[in-house]
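Notes for the one structure printed next.
The values are calculated or read from the model by the stated rules, or taken from the named source; none is laboratory data. Bear in mind the structure is a predicted one, so any value in this text is a computation, not a measurement. The accessibility values were calculated without ligands, DNA or RNA, using every heavy atom of the protein model including side chains. Shrake-Rupley method; radii C 1.70, N 1.55, O 1.52, S 1.80 Å.
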Amino acid sequence: MGSLSSLRRILLVRHGECEMNLSVSDKVGGRSDLSPLTPKGVQEAIFLGKWLEKNGAFDGSTPKVYASTAVRASETARLLLEQLMVKDAAVVAHSESLLELSQGAWEGALRGECYSAAVLAEIESDPWNFKAPGGESQRAVEERMCDFVHTHVLPCAAPGGSPVVVVTHGLAIKCFLRNVMDSAPRMTWKIAMGNTSITEVGYMDGDGGAKGWHVVCVNKMQHRSNSEVKSRSTHDDDDDDDDDDDKP
């Protein structure tokens, strides 16, 4: 069995708090590419970058960073890198494949107008394939996330080397984890995923039993615990920030 120190490491980072996060208790979230970070979200991204620098996450080298094309993700990536003294925007490779699940015609609409009893029953019966009108299913998000990570991100991660950073979205990360863990789709949205949290996965090469994906940590937020950034309670999330995705 190979040593876990030889993993190809990937840090999946959720973006900082954005304006849309402040309204998803009443309105359906989703992709909404233009939602910027709040002042709190800016702080969160800065604290994350400082924490990574302090802990020598990249051994003084310039990290490889991918981000979704959404403003909240690209801003988080930029602020994170600035704390590592990296100001070259070209370091970040953007891709629409890393965007949040699209809620189509429902985005921005009141939850009560979308999630009727019949719709909730449909979601419960097949959460993996359900999609809003003109929107996207969890299955589709999972497929594009996995394809992008395997095709673009994983080849950049050297065995035992510094991690590659992917700044993306709550449900996008959860859908990728569902694939890695082969878990039940109805559990996907129940995974806690706070703003600027780190979810680390690693891939083991070789032919032994350890080959494949390993989950190192989920929803890691030590960079926030000693800062002035405080988690806010929400009506139906675990104990942290609301996702932009969406949960019913």
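Compare Tyr66, Tyr203 by solvent-accessible area with a 1.4 Å probe and give them largest first, with all protein chains kept in place.
Working: Tyr66 20, Tyr203 45 Å².
Reading off the accessible areas and sorting them downward yields Tyr203, Tyr66.
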**Study point:** Solvent-accessible surface ranking, highest first, for Met221, Met145, Met85, Met181 at 1.4 angstrom
**Key:** Met85, Met181, Met221, Met145
Study note, to complete from the structure: Sequence order, the range 83-92: Karplus ³J(HN,Hα) from phi using 6.51 cos²θ - 1.76 cosθ + 1.60, θ = phi - 60°, Hz rounded, Gly and Pro as x, gives 6, 9, 6, 10, 10, 7, 4, 5, 5, 8
**Study point:** Phi-based couplings in Hz for the range 204-217 (Karplus 6.51, -1.76, 1.60; Gly and Pro marked x)
**Key:** 9, 7, x, 10, x, x, 7, 4, x, 7, 10, 9, 8, 7
Exercise for review: Taking all protein chains together and a probe of 1.4 Å, list Ile10, Ile46, Ile123 from the most accessible to the least accessible.
Suggested key: Ile46, Ile123, Ile10
Check your understanding: What accessible surface, in Å², does a 1.4 Å probe find on Leu12, ignoring ligands, DNA and RNA and rounding to the nearest 10?
Key -> 0 Å²
Practice item. Determine one quarter of the surface area of the Cα convex hull of the chain, which equals its mean projected area, and express it in nm² to one decimal. Key: 12.8 nm²
Exercise for review: Among the lysines, select those whose C-alpha is under 19 Å from the C-alpha of Lys54, and discard any that sit fewer than 8 residues away in the same chain.
Suggested key: Lys64, Lys87, Lys220
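I'd like to check one number: the per residue accessible area of the chain, probe 1.4 Å, reported in Å² as a whole number.
Numbers: 10810 Å² over 248 residues.
Per residue, the chain has an accessible area of 44 Å².
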Practice item. Could you state how much accessible area Arg8 has, in square angstrom rounded to the nearest 10, with a 1.4 Å probe and all protein chains kept in place? Key: 50 Å²
Practice item. For the chain, with a Gaussian network of springs between Cα atoms less than 10 Å apart, report the residue from Asn129, Asn195, Asn21 with the top mean-square fluctuation. Key: Asn129
Exercise for review: May I ask you to give the percent of accessible area on the chain that is carbon plus sulfur, with a probe radius of 1.4 Å?
Suggested key: 51 percent
Exercise for review: State, to one decimal in nm², a quarter of the convex hull surface area for the C-alpha atoms of the range 64-199, i.e. the direction-averaged projected area.
Suggested key: 9.2 nm²
**Study point:** Candidates Ser102, Ser68, Ser183: whichever shows maximal mean-square fluctuation once the chain is modelled as a Gaussian network with Cα springs under 10 Å
**Key:** Ser183
Check your understanding: Just Lys87, Lys27, Lys220 to compare: in a GNM of the chain, with alpha carbon springs under 10 Å, which one fluctuates most?
Key -> Lys87
**Study point:** 17 Å Cα-Cα reach of Lys27 towards lysines, excluding residues that sit fewer than 8 places from it in its own chain
**Key:** Lys131, Lys247
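In cubic angstrom, how much convex hull volume per residue do the alpha carbon atoms of the range 54-110 span? The partial results should precede the final answer.
Details: hull volume 6.2 nm³, N = 57.
Convex hull of Cα atoms, per residue: 109 Å³.
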Review point. In square angstrom, rounded to the nearest 10, how much accessible surface does Trp189 have for a 1.4 Å probe?
Key: 70 Å²
Revision key, fill the gap. Longest principal axis of the chain (C-alpha) makes with the long axis of helix 170-181 (C-alpha) an angle, in degrees to the nearest 10, of 70 degrees
